Structures are given as C-alpha cells and as structure tokens.
Amino acid sequence: MWSNHINYDGIMRTHQLVLTWIEKQLSDGRLSVGGRLPAERTLAEQLGVSRTSVREAIRILEAMGVVRAGVGSGPEAGTVVISDPTAALGSALRLHVATQHLPVSDIVETRILLESWAASRARADAPELEQAAMLLDEMDAVEHVAQAADNFLALDVRFHLAVADAAGNAVVSAMMGSLRESIQGYTARFTANLPDWDATAQRLQAEHREILAAIRNDDGARAARLVAAHIEGYYQEAGVNPAGEGPARPR
Ligand SMILES: [Zn+2]
C-alpha cells in the first residue's frame, strides 16, 4: 500500500498526497505513458481523501503536461498519462521571465550552454538539418513589412531548435523547446535597440549558414564556437552584456 512508502507527517495537503502517490506509481513503472489513472472515486477511497483533492491533483498534473483528463464513460474515458514536458516548462519559464526573476542574461547563458553542446554533438546526416536549411531559406524570403523582424526572429528560434534537435538528446530538446517563447520574447524586444535591422538580419543569416555548414562538415568544435559567438553577438549588438546586468533600457 502507498502508506507504507509515504511518510505522512500531517503537514502535507491532501492533494499533495495524491500527487505523491501518482509520482510513485510512475517512478515504479506501475503507471506509464498511455496508461490510465484509476477513476476519481476509486482513487479517493483508496487514498482516503476527498474527490475534490483528487480533482485538484489531476488539474495540477494536467497543467504540468503529465496527464490528459478524460470526460464521459466507456473504454476511452478516464485520465490518461501523457508526456508533454515542453508546453508546461515553456509556460512556467515564460511566466517567471515575466516576473523578472529569471534574468534575460541567465537565459542567454543557458542558451549558450545548451546550444553549443548540441551543435558539437549534432549528427552531420540528421534529418533535422534539412528542416533547419529550409527555415534559413524562409528567413531570406521574409517580406520587408513593419513586423519583418518579428517574422524573422520566429523562424530564427525554430532554426535553433532544429539544430538542437539534431543532437538527438530528448532532455536537451525539451529544455530548448521550453525556452522557445522566452527567447522569441526578448530577442523581439531588443530589435528596437538595433541601429540597422536589415544589416543585422544579413549578418545573422551568414552566421546561421556557417553553423549549418560546420555541422554538415562534421566539425562539431567549430559549430559550437560559431553558435556561442552568434548568440552572444546578438545581445552585444542589442546592448546586452551576457555576463552582466541584463538588458539595456530601450531608448
Ligand atoms: Zn540565430
């Protein structure tokens, strides 16, 4: 029984009991992706908690991308275990960046850490590199309209995700995917600081193509150096010091 494994000290809130029980089922392999949680009433009786507590726990797990709550009855009903870490991590990171507790300069350093590692490990024949090359062509074709920089940067972040995916590490991919919105958010905010967007876009594209070429030539060390310089260069140009205090105030 669960009570043999969990030390209930009277402080834990009842929905946390349900969360702890489900986590234990997952880590023990008794529940896995595609599996279903017991019915709400069964779970409440088994754990000796209210159905409200079970519902609260399931709502939390849903927000974390761990389950999809089911409706109705029949074999397709019930709460199913899923695995969608990227969406949940992404919205959590975006919110914490919004509260200013995750400094942009720290996101920059994290990007350099993850992306230079990924560039050094990306396989020269990874199918994700085809997608990365297509994204570069799309960036070249971005129309000169008012939101050109935003359109470009949306494709730019997808290029970086594709390169990270080419390393074939599911955890690094999930972390990069979760940073996506934060990256897009602050890079777009900094375009106001750039003296000449067209010149910046051309330079970024030249760097992207060099990164891709280094990976395709199986030169991981060069690809890693280039991607780090590419990320740092943009922040410096936008008036941000990656090692320092964060973004310059927009003028
Ligand atoms: Zn880029």
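Relative to the dominant Cα principal axis of the chain, helix 170-190 is inclined by about 50°.
When the helix-only estimate is applied to the chain (DSSP H runs of n ≥ 4, each -39,500 (n - 2.57), divided by the residue count), what is the mean residue ellipticity at 222 nm, nearest 500 deg cm²/dmol?
-20500 deg cm²/dmol
What's the angle, to the nearest 10 degrees (0 to 90), between helix 85-98's Cα axis and the longest principal axis of the chain? Rounded to the nearest ten degrees, it is 70. For the stretch 33-50, the residues whose amide N sits under 18 Å from a probe point set 7 Å from the Cα of Ala69 along the beta carbon direction are 36-45, 49-50. What is the angle, in °, between the Cα long axis of helix 51-63 and the longest principal axis of the Cα atoms in the chain? Nearest 10 is fine, range 0 to 90. Rounded to the nearest ten degrees, it is 20. Rounded to 0.05, the FRET efficiency of the Glu45 and Val171 pair, given R0 = 45 Å and the Cβ-Cβ distance, is 0.75. Peptides 156-162, 187-193 ranked from most to least packed by the mean count of surrounding Cβ atoms within 10 Å: 156-162, 187-193.
Given 25 °C and 0.890 mPa s, how large is the Stokes-Einstein diffusion coefficient of the stretch 154-222 in µm²/s, with Rh as the Kirkwood radius over Cα pairs?
Translational diffusion coefficient: 183 µm²/s.
The GluC sites (Glu not before Pro) of the stretch 48-136 that meet both conditions, a loop assignment by DSSP and at most 10 other Cβ atoms within 10 Å of the site Cβ, are Glu76. Spin-label model, Val33/Arg203: points 7 Å from Cα along the beta carbon direction are separated by 4.1 nm. Note on the stretch 36-73 and the stretch 95-121: Cα centroid distance 34 Å, given to the nearest whole angstrom. Max-minus-min Cα coordinates of the stretch 85-237 on each principal axis give 38, 35, 23 Å, with the largest extent listed first.
Each part reduced to its alpha carbon centroid, the stretch 158-178 and the stretch 180-196 end up 20 Å apart.
Here, each number is a calculation from the coordinates, and none is a lab measurement. These numbers were taken from a predicted model, which means no experiment stands behind them. In this analysis, Cβ positions are derived from the backbone assuming ideal geometry, glycine residues included, and neighbour counts consider all displayed protein chains.
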